[in-house]
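For reference, the structure discussed in these notes is given below.
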Amino acid sequence: MKCYILLFVIFLFSLGINAQSLSGTIIDSSDHKGIPGVIVYIPQLKLGATTDSSGKFKINPIPDGTYEMEVRMLGYETMTQQVTIKGTCTCRSSMCASCCAANEVVITALGNVTSIQRSPMPVTLVTHDMLLQNSYSTIIEAISTQPGMNMTTEGVGTTKPQINGLGFDRVLVLTDGLRQEDFQWGDDHGILIDPYAVYDAEIIRGPASLQYGASAEAGVISFNTEPFVESGTIQGNILAEYQTNNGLIGNSVGIGGNNNGFVWNLRASNEEAHDYWDPKDGYVWGTAWHQDNARLTLGLNRAWGYSRLSVSMLDRRIQVPGGNRDSATGQFEFDAPQNGQLYPNRSNFLAYNPTIASDKILDEIQTWWQNSINVGKGKLGLDIGFTQSIHHDIDTGIVGQGNFEVKDIPYSLKYQVIGENSGLKLTTGINGTYEFENNYPEPPAPYIGDFEIPNYTDLQAGGYAILEKDYKNLTLSGGLRYDYNNFIGQSMYLLNAGTPEQKVVPASTPEDTMQFAAFNKTYTGYSGSLGASYQLPDNNYLKLNVSKSFRAPSIDELTSNGVNIGVNAFQEGNLNLKAEEGYQVDFAYGNNGKNVSFGADGFYNSINNFIFPVRVQSKLGGDSMLQGVPFYQYIANKAILTGFSGYLNIHPIAVKWLELDNGFTFIYSYLPNQTDSTRHLPWTPAPRLTSEIKFKLANRKTSILRNTYIEFGMAKYWAQNNIYSALYSEIPSLAYTVFNTGVGTNLVNPKTGRVICSFYINCTNLLSIAYADHLNLAQYFLAYNGNPVTVAQQGQGIDNMGRNVGFKLLFPFGGNHSSTRN
């Protein structure tokens, strides 16, 4: 790895061609005076600058090309402007005062760079401030209450995203454009991303298969790391965090530099937490976790384009709550005695060492090389990477262990061109990944190997073309894609299966048992999209998008044959599954006014061959050591999902100290021609209403505290009775309401305006109510004295976290005066 980085640095400095610059002035539209402290940012390049005391800025060096420039400042509307760089360029922009930034911000996750308001598809931006001002354990939790978003959980450290009621392998997660291929098909595998490394996020709600392929059937979550600093500076920050409920301790240090176009960012983070506490059970055994991450990015910006190399290494050890209890007292019990001790005591609950309960060791190594080269009137993008995901399951109950690794080589070749006079934007290319998985050998005694999926390879490739046309008020967008997906799986045979003498043997060994049959499956399909957005008078807008999606079955849906230790269930795949094909319509209407902003969007999604697991009568046999373990099979059926989401933001321009933010999400799903107990899709989220009121204190030039706010919020979840109830595959959930509050401020030097420290306090579940969210899968984890028990109603399993108070400190350092201005 060190050799690759050294060669990359030598390559960068060998391309010493000077790039261009962009300079200008940002003025107030009312008095035409320069505005200091305005952030001018070009998202495609992750480059920006901050205006000085007279409102002037300069960004250099910048590759030639046409870009969307974003201009933002607290107290003003965020604005966008298209700029063409060819040599040294200047521009002049004016900003209008506003209590709340409008949604006219640049997004890059759709392939064609555009703004949220002009995108035909519903898009949500989660800003850096939104992330800083909240407490969370994972980055998925941080975005889970956005419109149309939800998450499944297995304890606070294991979270998976949902978009419009669909999750797992149907939601594509990106980090700086790199696909997160870290066991995304398993509900017990959380997304392996350092939350402190994320600067902001873009959420595309609806099929985005054109740009990214089959895994984006439900939508895309694109996480962006921090921007590069201004030229000629070195900047960084130190973040420290503590949360009271599970004792989460988080620390992160980041530093970056920009020397005449040679850019670099480095971040190192650590998080650890003991078991969390809920009002019903007290401390919940088996929910501790620990995570370390280091990430380095090197890059070069020149007239010909840019090149960047990112390397990330993450290690997570996380317990899996088994829900094992004493049948007489109901208190948590060890899966197996620990030095004669049957029950965890207080010191066990508060230990930052997740090694006693069933646990996972998850390692994620990523290398991602991105390149953009000016070719003719367009840009040629060439990206290639390598990821390695290492997985260790350790179960102290059935004494099983699963060990395997998944390696991926993602690639992308893309060409983008913008017509100077026609307003046409063309994006075309090919992308995909080559994935290969390998099970490790049989583990040493006393563990018994748990081989859930076979050794396999998976080649994914797709070609696409997207065309967009901008008129004065109308944007039209459409495209087509063709996908090819080929799985090749190896056979596996076991001798003495399920016993301490178990071992992998060649085929035809006497008395062997076939664990996996060899297979070769190919899936091909088309996807397409046609959409429009129209800008109406008075900041109103309309959006309409029609799309067809395609998704091949995932490896676990095809081949699972074993106990998934992370979900306490036996899962059986089906090699006869066909690819999913979905047809979706999205419609949206909204307004970005001076005093009020709102948006509402609805969707209708019909999916053929929808694949999901259902509980069936066990096939494990009466004398099996796994007797009582739930047995699930993957089946397919036609599925229909429909729903709507919306937001209402009130920010009176005459009452600058007040802001009210509200959001609503409703999803309904059903399976046609089914019985009452099998009519609805499993894990359809309950309807949700969120509401928040924020009081913002006025800034004074002589004050050492600025941007101070106090906020109060609530989240109302209705009961969910539309469930897949056959054999208690899913149980109804009860309604609940949680209240939250928070406060934050910046400590500044009043003479220079330089930020010394930012401080945030947040309290979630303020009243510490006992509840289990409908998508809390840990509520199904229940065993008495080691014997699995079927959960028939809420309250039997594991609840969500009780009251939690989070403290966060952020210390910036380095940079120049304007770049660290409050």
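The values are calculated or read from the model by the stated rules, or taken from the named source; none is laboratory data. Given the structure is predicted, the values throughout are model-derived calculations rather than measurements. For neighbour counting, all protein chains shown are included, and Cβ atoms are generated from backbone atoms with ideal geometry for every residue, glycine included. Ligands, DNA and RNA are excluded from the accessible area calculation, which covers all protein heavy atoms including side chains. Shrake-Rupley method; radii C 1.70, N 1.55, O 1.52, S 1.80 Å.
List of remarks:
- Every residue from region 651-675 that is free of Cβ contacts under 8 Å to residues at least 40 places away in the same chain, under 25 Å from T152 (Cα atoms) and not in a loop (DSSP other than H, G, I, E, B): D661, N662, F666
- Whenever a residue of region 413-425 is surrounded by fewer than 20 Cβ atoms within 10 Å (Cβ to Cβ), its partners that are of a type outside the set (S, T, Y) and not in a strand (DSSP E or B), lying with C-beta atoms within less than 7 angstrom and at least six residues away or across chains, give the pairs V417/K377.
- Considering residues of region 61-89 that are free of Cβ contacts under 8 Å to residues at least 40 places away in the same chain and acidic (D, E) only, the residue most open to solvent (accessible area, probe 1.4 Å): E77
- Subset tally (residues that are open to solvent by 40 Å² or more (accessible area, probe 1.4 Å) and more than 18 Å from A218 (Cα to Cα)) for region 639-654: 5
- Complete set of residues in region 303-360 that are open to solvent by 30 Å² or more (accessible area, probe 1.4 Å) and among the charged types (D, E, K, R): D315, R317, D335, R346
- Strands (runs of 3 or more DSSP E) completely within region 677-767 that count 2 or more residues being basic (K, R): 688-696, 705-717
- Close Cβ contacts (under 9 Å, 6 or more residues apart or on different chains) running from residues in region 248-264 that are over 13 Å from R302 (Cβ atoms) and outside any strand (DSSP E or B) to residues that are open to solvent by less than 60 Å² (accessible area, probe 1.4 Å) and small (G, A, S) comprise L248/S135; L248/S137; L248/A273; L248/G806.
- Filtered by the rule that a residue be over 25 Å from the mean Cα position of the chain (by Cα), open to solvent by less than 30 Å² (accessible area, probe 1.4 Å) and over 30 Å from G478 (Cβ atoms), region 594-616 gives a lone residue, V614.
- Screening K619 on (1) open to solvent by less than 40 Å² (accessible area, probe 1.4 Å); (2) modelled with pLDDT under 90 shows it passes everything except condition (1).
- Index of the failed condition, I555 passing every other in (1) without any contact (Cβ under 8 Å) to a residue 24 or more places away in the chain; (2) open to solvent by less than 10 Å² (accessible area, probe 1.4 Å): (1)
- Test: residue in region 235-247 that is among the small types (G, A, S), modelled with pLDDT of 95 or more and either touching an Asp or Glu at 6+ places or on another chain (Cβ under 9 Å) or assigned to a loop (DSSP other than H, G, I, E, B) (or both): yes
- Q291 meets each of the listed conditions (1) buried (at least 22 other Cβ atoms within 10 Å of the Cβ); (2) closer than 30 Å to L380 by Cβ apart from (2).
- Residue pairs meeting the criteria (Cβ under 7 Å; at least 6 apart or on separate chains; first closer than 8 Å to V171 by Cβ, in region 217-231; second aromatic (F, W, Y)): V220/Y212
- Filtering region 439-460 for residues that are within 30 Å of I373 (Cα to Cα) and either in contact with a helix residue (DSSP H, G or I) (Cβ under 6 Å, 6 or more places away or on another chain) or open to solvent by 10 Å² or more (accessible area, probe 1.4 Å) (or both) leaves a non-empty set.
- Answer residue from region 237-252, given it is open to solvent by less than 30 Å² (accessible area, probe 1.4 Å) and in contact with a Ser or Thr (Cβ under 9 Å, 6 or more places away or on another chain) and is nearest to H128 (Cα to Cα) among those: L239
- Verdict on I607 being touching a helix residue (DSSP H, G or I) at 6+ places or on another chain (Cβ under 6 Å) and modelled with pLDDT of 90 or more: no
- Candidate set from region 501-537 (those that are under 30 Å from N592 (Cα atoms) and touching a strand residue (DSSP E or B) at 6+ places or on another chain (Cβ under 6 Å)); member that is surrounded by the most Cβ atoms within 10 Å (Cβ to Cβ): S529
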